[in-house]
Amino acid sequence: MSPSQASPDDAGTAARPKIASREEFEQQIAILKEEMELLKAQLARSSERSASAARKAAQSGAENLREHGEAALHELRAGARDVEAQLMASVREKPVTSLAMAACVGFLFALIARR
């Protein structure tokens with residue numbers, strides 16, 4: 001037997017099932033189509049779950065950032081109130097010195113603004 005002739009005992013033909021008729025072939029195609037539709041539906045559900053998980057993670061991250069931002073803003077406001085209280089106490093203790101410093105700062109701003 002020559003290499004170009006295929007024998008029924010070849011490994012390639014033994015691994016492949018033989019289709020006896022056109023009807024069986026059409027049935028297998030129909031089964032494949034159904035399986036592809038099921039796979040398509042599973043992929044759609046999977047992508048919906050992934051999108052939902054990503055949306056939840058983004059919302060959680062945004063909420064976390066908002067909370068940290070509010071905390072930082074609260075700390076800034078508290079710090080500004082402390083500075084204001086210290087400034088008011090300094091002005092009450094030394095009003096003449098505070099007035100002289102304010103005049104100097106005003107003079108410096110005027111010089112800078114003139115240029």
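The values are calculated or read from the model by the stated rules, or taken from the named source; none is laboratory data. For clarity, every value in this text was computed on a predicted model and none was experimentally measured. Keep in mind that these areas ignore ligands, DNA and RNA; they rest on the heavy atoms of the full protein, side chains included. Shrake-Rupley method; radii C 1.70, N 1.55, O 1.52, S 1.80 Å.
Which residue out of 61, 79, 106 is modelled with pLDDT under 90, within 49 Å of the chain's Cα centre (by Cα) and not hydroxyl-bearing (Ser, Thr, Tyr)? That would be 61, the only listed residue that is modelled with pLDDT under 90, within 49 Å of the chain's Cα centre (by Cα) and not hydroxyl-bearing (Ser, Thr, Tyr).
Taking residue 40 as the residue in question, decide whether it is modelled with pLDDT of 85 or more and open to solvent by 90 Å² or more (accessible area, probe 1.4 Å). Criteria met by residue 40.
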